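Just so it is clear, none of the values below were taken in a lab; they were calculated from the coordinates. Computed from a predicted structure; not experimentally measured. Cβ placement follows ideal geometry from the backbone for every residue including glycine, while neighbour counts extend to all protein chains displayed.
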Amino acid sequence: TGTTASEALATLHRVFGYESFRGEQEAVVEHVIAGGDAVVLMPTGAGKSLCYQVPALVRPGTGVVVSPLIALMQDQVDALRALGVNAGFMNSTQDFDERRVVEAEFLAGELDLLYLAPERLRLDSTLDLLSRGKISVFAIDEAHCVSQWGHDFRPDYLALSLLGERWPDVPRIALTATATRATHQEITERLNMPAARHFVASFDRPNIQYRIVPKTDPKKQLLSFLREEHPGDAGIVYCLSRNSVEKTAEFLTRNGIEAVPYHAGLDAGTRAAHQSRFLREDGLVVVATIAFGMGIDKPDVRFVAHLDLPKSVEGYYQETGRAGRDGLPSTAWMAYGLNDVIQQRKLIQSGEGDEAFRRRAAQHLDAMLALCETVRCRRGQLLAYFGQEADAAACGNCDTCLAPPETWDGTVPAQKLLST
Ligand code: ADP
Ligand code: MG
């Protein structure tokens, strides 16, 4: 209705200080305020948070946000409080007293937004608490974590299917930046949201220039790339192993580019320190495994570099999507060699999981290989993977458009190597 629309817009102006909604935001917000369920697929940086924050503020009660990003909850809540929103969180980093304060605020109806780690929602004590207060909306952020096939799978997300049964009158909104049809379907099924309306934004990120170069001496190639194109810029360098993360960070630092490592083998304090330096300082480079990046909202990441092949196109898209959230020109650069593919093939064959799991992993790798080997527009190939049409046959802002490869068919030697 018109009232809902104007209330939503008024909240956007008054609380968040923004002129207007972007893209699908407005349609999502109005649908959820009216009590509808929604599944929202939007690329990283498109503004998924407002899709649940505005309804939480407009509808009576507390918006309950499920998020796996425990390390970011404090920051998110602080940022909301700075805007005058009464936000709180509950996760394992809190002590008993801190949690009790949040519980009391929730029961008193004083909270606009309550962020919860998914494992908390499995606890009877949490469900009991929630049933004693008033909830305006359930938001399930990073909803692809419910997918067993993705690298972000969280078993605790499976329990979220209960929310609809326990709170049939509370709208639910699931949000993700992972857009393949399989994941999309899995989210809808596993979260038990058959009646949800689906909102799918364009996944094109026109300001990101995609480039994939043949891998010869990756650390040196990276260094020249950074010196020539991104001196003094903030960015992320992804490596597969902890060891190469450490070595690459050292190498860059030794060569005058300030870089810090980030991987799951570092203690929590070091990781938190490196992450917050990256967010706060200008021009810092983080060299990381894929443990780094989900949920990070730094607008001026000017490049994302891959020294090793991502395991899937989804992963590649998510990781490169952390560049250029401010809309300014940015680069997604990757050094790619067939040896990476062969190595990953071996890892899949000898690795964990049942036959079906290994087959999926191999399919994901094949799609990634196809993106690397294509002689056509990379953006077009990327969007086609997500089932979306590119606006033009050639984007003009990827390596294959800027310097069309010779029509030597690179896929023949690739297939030969892989069929062994
Ligand atoms: P996502 O979760 O989709 O990756 P976020 O919700 O973190 O994205 O938003 C990304 C950035 O875009 C944030 O800095 C946010 O404040 C900004 N943003 C979102 N919506 C709008 C809007 N309508 N107008 C201006 N800025 C917006
Ligand atoms: Mg987000």
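What does the charge count near LEU383 come to, summing +1 for each Lys or Arg and -1 for each Asp or Glu among other residues with Cβ under 11 Å from its Cβ? Could the numbers behind the result be given before it?
Details: positive: ARG205, ARG378, ARG379; negative: ASP204, GLU389, ASP391.
Summing Lys and Arg as +1 and Asp and Glu as -1 gives 0.
Compute the signed sum of charges (Lys and Arg +1, Asp and Glu -1) over the other residues within less than 12 Å, Cβ to Cβ, of GLN318.
Numbers: positive: ARG205, LYS311, ARG322; negative: GLU142, ASP152, GLU314, GLU319.
Once all neighbours under 12 Å are counted, the net charge is -1.
Could you derive backbone 3J(HN,Hα) for region 227-239 from the dihedral phi with the Karplus parameters 6.51, -1.76 and 1.60 (θ = phi - 60°), listing whole Hz in sequence and x where the residue is Gly or Pro?
Per residue, the Karplus-derived 3J(HN,Hα) values read 5, 7, 10, 9, x, x, 8, 7, x, 10, 10, 9, 10 Hz.
Below 11 angstrom from the Cβ of ASP282, what's the summed charge of the other residues (Lys, Arg +1; Asp, Glu -1)?
Numbers: positive: ARG277, ARG280, LYS298, ARG302; negative: ASP233, GLU258, GLU281, ASP300.
Combined, the nearby Lys, Arg, Asp and Glu give 0.
Taking the Cα centre of each part, how many Å lie between region 1-33 and region 52-72?
15
Please state the charge dipole magnitude for region 1-158, taken about the Cα centre, from unit charges on C-beta atoms (+1 on K and R, -1 on D and E), reported in debye and rounded to the nearest 20. Provide the component values of the computation, followed by the final result.
Numbers: 12 positive and 22 negative charges, 37 e Å.
Dipole magnitude for region 1-158 comes out near 180 debye.
What distance in nm separates the two pseudo spin-label positions at LYS134 and ASN192, each 7 Å out from Cα along the beta-carbon direction?
Going by the 7 Å Cα→Cβ label model, 2.6 nm.
Of LEU328, ALA361, VAL40, which is farthest along the charge dipole of the chain in the positive direction, counting Lys and Arg as +1 and Asp and Glu as -1 at C-beta?
ALA361
Give me log10 I(q)/I(0) at q = 0.07, 0.08 Å⁻¹ for the chain, Debye formula, one equal scatterer per alpha-carbon, no solvent.
-0.35, -0.46
In nm, to one decimal, how far is the modelled label at LYS247 from the one at ALA268, with both set 7 Å along Cα→Cβ?
My value for the distance between the label points is 3.1 nm.
Using only the Cα atoms of region 1-160, build the gyration tensor, take square roots of its eigenvalues as a ≥ b ≥ c, and label the shape rounded, prolate or oblate: rounded if a/c is under 1.5, else prolate if a/b is larger than b/c, else oblate.
oblate
Counting other C-beta atoms within 10 Å, and keeping those with at most 16, which DSSP coil trypsin sites (Lys or Arg not before Pro) do you find in region 126-232?
Answer in residue order: ARG132, LYS134.
For ARG100 and SER350, what does the FRET efficiency come to when R0 = 35 Å and r is the distance between their Cβ atoms, rounded to the nearest 0.05?
On the way: r = 49 Å, r/R0 = 1.39.
It comes out at approximately 0.10.
So what's the gap between the Cα centers of region 227-252 and region 158-226, to the nearest angstrom?
A separation of 25 Å, based on Cα centres.
Between region 99-120 and region 316-369, how many Å separate their Cα centres?
Distance between centres, Cα-based: 38 Å.
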